[in-house]
1. Evaluate the range 279-288: report whether one residue or more is touching a strand residue (DSSP E or B) at 6+ places or on another chain (Cβ under 8 Å) and open to solvent by 30 Å² or more (accessible area, probe 1.4 Å).
2. From the set of residues in the range 262-273 that are under 21 Å from the mean Cα position of the chain (by Cα) and in a helix (DSSP H, G or I), which is modelled with the highest pLDDT?
3. Within the set of pairs 6 or more residues apart or between chains, which connect a residue that is at pLDDT 95 or above inside the range 350-372 to a residue that is in a strand (DSSP E or B) and of a type in the set (K, R) with Cβ atoms less than 8 Å apart?
4. Please identify the pairs in which a residue from the range 251-264 that is closer than 18 Å to L300 by Cβ and open to solvent by less than 40 Å² (accessible area, probe 1.4 Å) has its Cβ atom under 7 Å from the Cβ atom of a residue that is modelled with pLDDT of 95 or more and aromatic (F, W, Y), counting only partners at least 6 apart or on another chain.
5. Go through the range 1-21 and count every residue that is crowded, with 19+ Cβ neighbours inside 10 Å, at pLDDT 90 or above and touching a helix residue (DSSP H, G or I) at 6+ places or on another chain (Cβ under 8 Å).
6. Taking the conditions exactly as written (in contact with a Lys or Arg (Cβ under 7 Å, 6 or more places away or on another chain) and either loosely packed, with under 15 Cβ neighbours inside 10 Å or farther than 24 Å from S330 by Cβ (or both)), does Q243 satisfy them or not?
7. Search the range 313-331 for residues that are at negative phi and pair each with any residue that is surrounded by fewer than 19 Cβ atoms within 10 Å (Cβ to Cβ) and in a strand (DSSP E or B) when their beta-carbon atoms are under 7 Å apart and the residues are at least 6 apart or on different chains.
8. Is the range 202-223 home to any residue that is farther than 20 Å from K347 by Cα, modelled with pLDDT under 90 and assigned to a helix (DSSP H, G or I)?
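The values are calculated or read from the model by the stated rules, or taken from the named source; none is laboratory data. On a predicted model such as this, the values are computed, not experimentally measured, just so you know. Here the Cβ positions follow ideal geometry from the backbone for every residue, glycine too, while neighbour counts run over all protein chains shown. Accessible surface is based on the protein model in full, side chains and every heavy atom, while ligands, DNA and RNA are left aside. Shrake-Rupley method; radii C 1.70, N 1.55, O 1.52, S 1.80 Å.
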Amino acid sequence: MAGSNSYTIVEYFGGDDGYRCGYCKNDKGNFSHGMWSHSMTVQDYQDLIDRGWRRSGKYVYKPIMKKTCCPQYTIRCHALNFQPSKSHKKILKKMSKYISKGELPTAQADGEPMDSVCEEAGPREPTKVCQSDLKVVANADIKDEVPNCSAATEVQKNSVDSTAGRLGADPSRPPCRKAKDLRKERRLQKDQKRQHGAGISLAKPANTNQPKTLEDFISESLEDNSSDRLEVRLVRSNPPSQQFKASFDASYQVYKLYQMAIHKDPPDKPSESQVSGWWAEHSPDGPEMGYGSFHQQYWLDGRIVAVGVIDILPACVSSVYLYYHPDFTSLSLGSYSALREIAFTRKLQKQSTKLCYYYLGFYVHSCPKMRYKGQYRPADLLCPESYTWVSVEQCIPLLSNSRYARLNQDPDAGDSQAVKDVGRALVLHKRTVMPYIVYSCKFKGRSDTAEVQEYASLVGQDCAERILLYRS
């Protein structure tokens, strides 16, 4: 959307009016500041999300934390230190089982928590704004039915009685082995044959007790011919690459089906502009594909089943949205794609050392269905007053006592980007930038000056010095 030498140009709306909350369904309880972005650099957006802002299409908004009914805290995962939990491993196994055997789970795992609340986030132009900004991620836990204890005891007793007096296992037959051990052995044999044929000697790792990485679990879930059936493609959405153009119709049809089935949109509501990209920038010290907006497409047997919309920024991969074919709801594709995006972040960090975080959008503790984001650990929440990061473990007790809380308990921790001199940060004259008439910020009249003061305090000193305010 903006080149490396471009300005960021925004149109600030303020946040006086209340809107319907997508979490608690309060008709007028959701309050947020909003800006329409005519142009934005990736560094400016990185700085904004580190102050609690979030984009939905080209609309950028920040919840008014002390006023809104369901405070939303920016959350990030330390991708390099992430270890999948037991529930995450179950999701990978579920995908593996479907790919290898074609068996869809009979029921969805505890329901899909919905993040699609950006249409109530703040004032905007409906024809320009993306329908939703936050990823729909499935609750990872799968709860198995527990049989009645007394019945189970009776079955066990009968089983013991019926086997009394037997001679036991046939000593002439080899002992039974676990299926997991057999799979490991087959995989090792395949690796040995492949590497032996390539002239590579296999050296056994010195420490075999090292825990498996996320990449190991993903690789195991795609063993045998699975990788031929499931393919994840990264395509740039702006400027649109040839792959993006060639697959756009198929991707858009999945988006329409998703919006109608999951969010109950009428058929004519989803528009093509809602899945288009935002910006693109290249930097010599950035990843090879550059920064900006991308789609991660999940292709299964030659067709798109899910698309993850992501932003690659200087310090993170930011998850924007996920949509998938409703037929595959039971596969928990939200959680599966989050795991793949964390692995992707780790891969990018090898190309750009600063890029080491995975941003999951907003954490809403007051909405139980939204607490799943805290499961991707280690994770931090952004303090809404000091704008410092605090581990989610320290935050949960505070948020359990109060919907809104200052997360950084150090009373001396302040906002390092507080605007100390608005006159210095804001230029007094107007100029033409692209087709827009832009004021660098300070306008005549007390109301304009007050609005600029509010805006500057929200975006921080650095951004206030760079970002240009557009006035129609």
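1. Looking through the range 279-288, at least one residue is touching a strand residue (DSSP E or B) at 6+ places or on another chain (Cβ under 8 Å) and open to solvent by 30 Å² or more (accessible area, probe 1.4 Å).
2. I262
3. Here the result reads Y357/R76; Y358/R76; Y359/R76; L360/R76; G361/R54; F362/R54, each pair linking the range 350-372 to a residue that is in a strand (DSSP E or B) and of a type in the set (K, R).
4. Cβ pairs passing all conditions: V254/Y323; V254/Y324; Y255/Y323; Y258/Y323; Y258/Y324.
5. 2
6. When the stated conditions are applied, Q243 passes them.
7. Y324/V305; H325/V305; F328/V305
8. Scanning the range 202-223 turns up no residue that is farther than 20 Å from K347 by Cα, modelled with pLDDT under 90 and assigned to a helix (DSSP H, G or I).
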